[in-house]
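Below is one structure; the comments refer to it alone.
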Amino acid sequence: MRQRIFRSITVNSDPVEVSPKSLAQFLWRECYDAISMSDAQENPNRPRGRRIALDPLAKSASRTEPAIIAKPEGAPMYHGFQILSDVVVEGFTFGKISDFNAEPCTEGDAFVIAPDNSRAGLVWEVSGNSYFQEVCPADSNRWGVWPASFPHPMTNHENVRRNFEHILPQLKRRWQEWRDAQLRG
């Protein structure tokens with residue numbers, strides 16, 4: 001079986017194609033333990049990762065690796081990241097990849113769980129310029145990845161809910177299109 005390429009990332013100015021597992025491993029090594037504030041002050045030009053919002057209760061297929069790397073067979077996309085069970089709007093649930101509660105963020109990654117448990121990715125930023133577009137097309141595992149702007153800072157779950165409500169009409173439409181295509185296919 002051919003391994004599916006997730007995306008090209010840039011490492012030392014060179015594009016590199018990575019699989020979902022190698023990307024997760026990279027993120028785990030490079031971003032989970034974000035550099036300390038004192039190190040950031042001493043080396044201001046050093047790239048700084050974002051803390052990842054891991055779900056400590058997510059089941060892992062490994063005793064030594066987190067669930068985002070060692071997903072159990074049949075686990076859904078984004079398994080191992082935190083699901084905000086208190087941020088549910090019209091049956092859609094918000095999940096976070098970037099841990100905006102651990103440190104302030106004006107941009108990050110998240111995901112959405114639809115009422116049928118299917119999922120989509122979000123690449124968000126807090127911005128006054130409203131946008132919602134596709135960056136990664138839908139496939140059998142998820143109904144796409146969508147860059148979106150949020151009008152409110154991601155400082156508490158009420159603002160997360162307000163931002164989620166802001167993009168929900170577009171998300172619902174994309175989910176319904178994906179679902180209809182799955183039923184036809």
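Rule-based calculations on the coordinates, nothing more; no lab input. Note that the structure is a prediction, hence the values are computed from the model and not measured. Every residue, glycine among them, receives a Cβ derived from its backbone with ideal geometry; neighbour counts consider all protein chains shown.
What the table shows:
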read-out	value
Gained length - Ala61 relative to Asn141, 0.36 nm times residue gap less alpha-carbon distance	26.9 nm
Net +/- balance of residues flanking Ala120 in space, Cβ distance below 9 Å, scoring K and R +1, D and E -1	+3
Part-to-part distance (alpha-carbon centres) for the range 137-185 and the range 55-119, which is given in Å	14 Å
Percent RCO, i.e. relative contact order, over the range 102-177, from Cα pairs under 8 Å lying at least 6 residues apart	25 percent
For the range 65-185, size of Cβ-based charge dipole, Lys and Arg +1, Asp and Glu -1, in debye	360 debye
